[in-house]
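Reading through the structure tokens given below for one structure.
Coordinate-derived values only; no laboratory data. Computed from a predicted model, the values in this text were never measured in an experiment. Note that we place each Cβ from the backbone using ideal geometry, even for glycine, and neighbour counts take in every protein chain shown.
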Amino acid sequence: MTDIAAILPDLVALRRDIHQHPELGFCEHRTAARIAEELRALGLAVHEGIGGTGLVGVLKGTRPGPRTVGLRADMDALPITEQTNLPWASRVPGTFHGCGHDGHVAMLLGAARVLAAEPDFAGTVHFIFQPAEEGQGGARAMIEEGLFERFPCDRVYALHNWPGLPAGTIATRPGAIMGAADKFRVVITGKGGHAAIPQDTPDAILAAAALVQQLNTIVSRAVPPVQAAVLSVTEIHGGEAHNVIPSDVVVGGTVRTFDPQVQARIEARIQAIAAGIATAFEVRCDLAYDRYYPATINDPVAAADALAVAATVAHAELAPEPAATSEDFSFMLQQRPGAYIWLGQGVGDHPAPLHNPHYDFNDAVLETGIRLHCALARHWLA
Ligand SMILES: [Zn+2]
Ligand SMILES: [Zn+2]
């Protein structure tokens, strides 16, 4: 067995090197090159340039077997100025690993080292390093470029570090674990005219006011009371002069849901209400509805497997509820059964919350993450 403690100093150094050299989504050239170099040194076949800067390392077990598993880490940083003052703080102004993806890379490379040293499993492990998780859909980009056709995975797993959960504790849940994030924009078009001659000009301002009120009835009236959903109108733009009825007004906002049926119902209601407002106020309402990240839905069997496997490496618990934030591993879970798993970073002030300028990945949990990745692969490829 590889002595994980012996390789940890190396992995901590690698994690901090990546932390010092953060790269934004689809620009992870140095990070991806570093990962490719590490994987090649282990003897893995490496396939680069999938969905931009994404790459996959392939490790075949020494025993034959049809099964395949994908383990995923994200590589991108955030456009935030780091305020940790750590010796390994970002050297790139305005760019920062504030979501711990540097730790995700180090844990998955650690797992590749351990599994490559002792590949006594039946089947194939695909180490998936994806770009652009932070809002740009790097996972979708890899899928669109044939990720799962080229590298079959009948199970996929991803770990995300989780401040607020005790350090080293592992948690997941069947079903929804992260929310869907949608945005909408309704352009209300009237005609524009003199404020003193309203009979000649459809009033886009009044239509917008009615639209905002009606949109706020959707969650209370069209969503079952036991389901969670949020619809917030966050923007309204229109009008510039006291004596002009403007020709158009824009209303925008966001929708967060955990169930695709609820998501579909809300989108349909926005469409219907906008059409009704158009008729009632003699304006045009053009809706743009963008489902940019779907809900992250764990396969129940894969999540149960993940919890049972996690209990063999650390304290594992069933997460009581999903988080309202979103994650583009959701696109991979739409394609293949699997689970998204939280790895505790610690409670209290250290580390700071994700996306906070004082955040830093807790290196003390690297070992647990490596063990979990390895155990998930070995369990599926037993
Ligand atoms: Zn993030
Ligand atoms: Zn993240």
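Enter the angle in degrees (range 0 to 90, nearest 10) between the Cα long axis of helix 4-20 and the first principal axis of the Cα atoms of the chain, meaning the one along which they spread out most.
With rounding to tens, the tilt is 40 degrees.
For region 272-317 and region 351-366, write down the distance between their C-alpha centroids in whole Å.
26 Å
Among LEU44, LEU287, VAL309, which residue has its Cα furthest toward the positive end of the charge dipole of the chain, with +1 on Lys/Arg Cβ and -1 on Asp/Glu Cβ?
VAL309
Choose one answer from HIS97, HIS242, HIS350: the residue with the largest mean-square fluctuation in a GNM of the chain with alpha-carbon springs under 10 Å.
Comparing HIS97, HIS242, HIS350 in the GNM, the peak value goes to HIS242.
Label the chain by shape, choosing from rounded, prolate and oblate, from the square roots a ≥ b ≥ c of the eigenvalues of the Cα gyration tensor; if a/c is under 1.5 it is rounded, and otherwise prolate applies when a/b is larger than b/c, oblate when it is not.
Prolate is the answer for the chain, as a/c is 1.5 or above and a/b outweighs b/c.
Ignoring everything except DSSP H segments at least 4 long, calculate the 222 nm mean residue ellipticity for the chain; use -39,500 (n - 2.57) per segment, divide by total residues, nearest 500.
Computed mean residue ellipticity for the chain: -10500 deg cm²/dmol.
If I build a Gaussian network model for the chain, linking alpha-carbon pairs within less than 10 angstrom, which residue out of LEU115, LEU211, LEU147 has the largest mean-square fluctuation?
Residue with maximal mean-square fluctuation among LEU115, LEU211, LEU147: LEU211.
Could you tell me the distance between the Cα centroids of region 186-209 and region 41-84, to the nearest Å?
54 Å
Rounding to the nearest 10 and keeping the result within 0 to 90°, find how far the Cα-based axis of helix 204-215 lies from the longest principal axis of the chain.
Orientation of helix 204-215: about 50 degrees from the principal axis.
Evaluate E = 1/(1 + (r/R0)^6) for ARG63 and ARG150, where r is the Cβ-Cβ distance and R0 equals 25 Å; express this FRET efficiency to the nearest 0.05.
0.65
Roughly how many debye, to the nearest 20, is the charge dipole of the chain about its Cα centre, given +1 on each Lys and Arg Cβ, -1 on each Asp and Glu Cβ, and no other charges?
700 debye
Nearest 20 debye, what's the magnitude of the dipole of region 180-293 about its Cα centre given +1 on Lys and Arg Cβ and -1 on Asp and Glu Cβ?
Using only the charged Cβ atoms, the result is roughly 360 debye.
Explain nothing, just the number: relative contact order of the chain, from Cα pairs under 8 Å at least 6 residues apart, as a whole percent.
For the chain, the relative contact order is 24 percent.
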